[in-house]
1. Considering only region 104-127, I want to know if a residue exists there that is within 17 Å of the chain's Cα centre (by Cα), surrounded by 19 or more Cβ atoms within 10 Å (Cβ to Cβ) and in contact (Cβ under 8 Å) with a residue 40 or more places away in the chain.
2. Restricting the search to region 204-220, which residues are in contact with a Phe, Trp or Tyr (Cβ under 9 Å, 6 or more places away or on another chain) and either surrounded by fewer than 11 Cβ atoms within 10 Å (Cβ to Cβ) or over 22 Å from residue 104 (Cβ atoms) (or both)?
3. Just checking, which of 159, 150, 197 is under 18 Å from residue 54 (Cβ atoms) and among the basic types (Lys, Arg)?
4. Please specify each residue of region 166-225 satisfying the condition of being part of a strand (DSSP E or B) and basic (Lys, Arg).
5. Name the residues in region 89-124 that are of a type in the set (Asp, Glu) and out of contact with any Gly (no Cβ under 9 Å at 6 or more places or on another chain), would you?
6. Only one of these is under 18 Å from residue 206 (Cα atoms) and in contact (Cβ under 8 Å) with a residue 12 or more places away in the chain: 58, 96, 52, 65. Name it.
7. Looking at region 69-92, which of the residues that are touching a strand residue (DSSP E or B) at 6+ places or on another chain (Cβ under 8 Å) and surrounded by fewer than 13 Cβ atoms within 10 Å (Cβ to Cβ) is farthest from residue 117 (Cα to Cα)?
8. Condition (residue is in a strand (DSSP E or B) and closer than 16 Å to residue 182 by Cα) applied to region 42-59: is it met by at least one residue?
Amino acid sequence: MNTRREGHGNLRVCGTCLKIVFVLAVFISSALFGTGAAKAAGLAARIQAAYSRIRDASGSFVQKSYLKDLGKTETFGGDFMIKLPARMRYIYKTGSLDQVVIRGDAITIYQEKEDQVLKSRFDPGTYGTAPVAFLGGLGDIDRDFNVTEKNGELILRPKNPMSGIEFITVRPSNGAFPVKSFSIHDRYSNVVRIILKDVRLNRGIKDSVFDFIPPPGAHVFDYTR
C-alpha cells in the first residue's frame with residue numbers, strides 16, 4: 001500500500017511539475033516574442049523619428065551586388081544626395097559611371113557605357129534596380145512593411161509586392177543619420193548591400209542638383225508616356 005501511495009504521489013507531483021513547466025514555457029515564449037516585437041517597433045520608430053528631422057542628406061556609398069546565377073559579387077561605389085521627401089540623385093564613380101535621378105514619381109537613369117538615358121515612372125517596386133532609392137522611403141516603415149528584428153537588424157517584409165523583393169534588412173546607426181547599411185534580398189536569392197559613409201545632414205541642397213541634362217548625343221528613351 002505504501003508503495004502504491006508513494007507511486008501515486010510521485011505521479012501527482014510530476015503532473016504538477018509538468019503544469020508548472022508548461023506555464024513557464026508559455027510565459028517565457030510570450031515574453032521573448034513581446035520583447036522582440038517591442039525592440040523591432042522601437043528601432044523602426046527611432047528611424048522614423050530621425051527622418052522627421054532630416055531635410056536633406058548627402059554622402060558616399062559602397063554597393064555590393066551578389067548575383068546568384070553568376071555566383072559572384074560585384075562592387076560599386078559613389079556619392080548620393082537626398083532631399084526629402086521625394087528627390088534623390090546618386091552618382092556611381094567606381095565599377096560604373098551611371099547616374100540615377102529621382103524626382104517624385106519619375107526616375108531618370110543615365111547609362112554612361114551605352115550613352116543612353118532611360119526615363120520611366122518610379123515607385124517602391126523600383127528599389128531592386130535603384131537600390132539607394134530605398135533611403136527615400138524610410139519615412140513611414142510601418143505603412144509599407146511588416147517589421148521584425150534579429151541580431152540588431154530590422155527585417156522588413158513588403159506588405160504589397162515589390163518587383164520580386166522578398167525582404168530588406170536594415171542595420172541602424174547610432175549617428176545622426178539613422179541607417180548604417182541595408183540589404184535588399186529578392187526571390188531569386190540575389191542580394192544588394194548598401195553601406196553608407198560620411199553622411200552629412202541638412203546642408204541646404206538646392207533643387208537644381210536634381211535636374212538632369214542628358215549629355216550631347218546621348219540616346220533618350222522616354223517610357224513615361
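All of the numbers you see were taken from the coordinates with simple rules; none came from a lab. These numbers were taken from a predicted model, which means no experiment stands behind them. All Cβ positions, even for glycine, are placed from backbone atoms using ideal geometry, and neighbour counts span all protein chains on display.
1. yes
2. Across region 204-220, the qualifying residues are 215, 218.
3. Criteria check complete, one pass: 197.
4. 171, 180, 193, 197, 200
5. 105, 112, 114, 123
6. Only one candidate passes the filter, namely 58.
7. 72
8. Going through region 42-59, the residues in a strand (DSSP E or B) turn out to be 56-59.
Now drop any that are not closer than 16 Å to residue 182 by Cα, which leaves 59.
Yes: one or more hits.
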